[in-house]
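The values are calculated or read from the model by the stated rules, or taken from the named source; none is laboratory data. All of these numbers come straight from a predicted model, not from anything done at the bench. Counting neighbours? That spans all protein chains shown, and the Cβs are built from the backbone with ideal geometry, glycine included.
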Amino acid sequence: MVLAANVLNAIEGEPRVAGAEHAPRYPHELPDGMILDLLPFSPEAIDAFLKVENPQHDHHAIGPDHPLLGKPRPETQAAGAKKVMAEPLTIGAFYGEIVSGLEAAAAEIGEQQLFCGDPARQVTREYYYAGGGSAIHVTNLDGARRALVEIVEQGEGDMHSMYDDDGDLAHYYRFQQVKHNRAYLRSDDSDAPTGPQIGVDFDAVYPMLANPRREDYSDPALRAASDAFNRTWSELLRQIEVAFNGEPGELVPAVHSMFKLRDQSLVLFANPLPDYPRRHAGPTFEWLEAH
């Protein structure tokens with residue numbers, strides 16, 4: 001996310017992630033047509049992540065009658081990028097189109113004219129909370145290419161290797177380990193890991209209702225807990241947006257907000273839902289305006 005924001009800021013864009021228009025809502029349709037439901041940790045959730053990260057998988061979402069849903073699927077929110085781009089087949093292809101667009105624009109108006117954004121809006125390593133990879137300072141076409149390639153390699157991975165330049169497994173292969181409950185050995189090929197078991201237990205998970213909404217919580221105390229989570233979620237998005245628009249130091253308190261979200265979500269997970277037998281509450285990730 002930092003890398004994408006740095007590229008956008010380098011061409012004098014304005015990253016927007018807060019507000020009802022920009023905050024994601026579930027189920028959510030990605031630019032490549034993949035529909036992401038908000039699911040409990042489950043084989044279906046892992047399969048969804050595999051579909052997002054790699055083109056080898058069928059992109060159909062779980063069916064409307066799947067027992068995880070527990071209720072009719074609500075209206076799907078389409079990613080904003082779907083309104084302006086033809087459907088790429090993969091997330092990697094999506095970023096490839098962005099690189100091609102930057103190269104075409106640089107050839108047309110000149111690289112210096114294109115990359116005219118304020119360098120002070122770049123999120124550099126002193127503000128970057130090590131979540132994998134590194135923050136790349138983008139001031140030209142080469143930096144933009146490196147940042148966008150890094151995004152793809154962290155997710156899908158280099159199609160010729162499971163490991164990135166830092167020797168870390170790409171996200172796709174990390175999800176493969178969870179799916180098969182085994183670690184990759186250095187001698188493994190990319191098909192499936194053959195190493196020791198890693199201890200995945202899908203039965204140890206609270207059976208959260210898929211795609212929950214605030215109105216699913218009839219109990220006033222539970223609805224209040226949901227509202228508290230959503231206030232923190234909305235504040236986190238505000239902090240990230242401010243950080244990406246000239247105040248990168250806001251990423252520091254944003255990390256605290258992430259941990260606060262974790263603690264507030266645990267309160268929701270522990271509560272069974274009387275209106276949905278054998279299902280528990282969970283975070284709804286709904287935008288709330290500040291008051």
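Worth pointing out:
- For segment 148-193, a residue qualifies if it is part of a loop (DSSP other than H, G, I, E, B), at pLDDT below 90 and of a type in the set (G, A, S), and the qualifying residues are G157, S161, G167, A170, S187, S190, A192.
- Screening segment 195-228 for residues that are under 19 Å from D37 (Cα atoms) and in a helix (DSSP H, G or I) and picking the one that is modelled with the highest pLDDT gives S226.
- Unique match (being among the polar types (S, T, N, Q), touching a residue at least 40 places away in the same chain (Cβ under 8 Å) and within 30 Å of T124 (Cβ to Cβ)) among N245, N211: N245
- Qualifying residue in segment 251-272 (condition: charged (D, E, K, R) and not in a helix (DSSP H, G or I)): no
- Among the residues of segment 18-43, the ones that are in contact with a helix residue (DSSP H, G or I) (Cβ under 8 Å, 6 or more places away or on another chain), surrounded by fewer than 17 Cβ atoms within 10 Å (Cβ to Cβ) and of a type in the set (A, V, I, L, M, F, W, C) come to 1 in all.
- Qualifying residue in segment 218-239 (condition: within 30 Å of I11 (Cβ to Cβ), surrounded by fewer than 20 Cβ atoms within 10 Å (Cβ to Cβ) and without any contact (Cβ under 8 Å) to a residue 60 or more places away in the chain): yes
- Total residues in segment 1-31 satisfying the condition of being within 21 Å of N211 (Cβ to Cβ) and touching a Phe, Trp or Tyr at 6+ places or on another chain (Cβ under 6 Å): the figure is 3.
- Test: A61 is part of a helix (DSSP H, G or I), at pLDDT below 90, touching an Asp or Glu at 6+ places or on another chain (Cβ under 9 Å) and buried (at least 17 other Cβ atoms within 10 Å of the Cβ): no
- Positions within segment 106-117 being without any contact (Cβ under 8 Å) to a residue 40 or more places away in the chain, assigned to a helix (DSSP H, G or I) and either exposed (fewer than 13 other Cβ atoms within 10 Å of the Cβ) or among the aliphatic types (A, V, I, L, M) (or both), in sequence order: A106, A107, E108, I109, Q112, Q113
- Considered as a group, the residues in segment 249-267 that are touching a residue at least 60 places away in the same chain (Cβ under 8 Å) and of a type outside the set (G, A, S) include one that is farthest from N211 (Cα to Cα), and that residue is V252.
Condition check ((1) within 17 Å of the chain's Cα centre (by Cα); (2) modelled with pLDDT of 75 or more; (3) among the hydrophobic types (A, V, I, L, M, F, W, C)) across all residues:
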residue	(1), (2), (3)
K51	yes, yes, no
Q56	no, no, no
G80	yes, no, no
M85	no, no, yes
E97	no, yes, no
L102	no, yes, yes
L114	no, yes, yes
Y129	yes, no, no
I136	no, yes, yes
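- Residues within segment 270-291 that are under 25 Å from the mean Cα position of the chain (by Cα) and surrounded by fewer than 16 Cβ atoms within 10 Å (Cβ to Cβ), tallied: 3
- Of residues in segment 175-217 being loosely packed, with under 12 Cβ neighbours inside 10 Å and among the small types (G, A, S), the one farthest from R231 (Cα to Cα): S187
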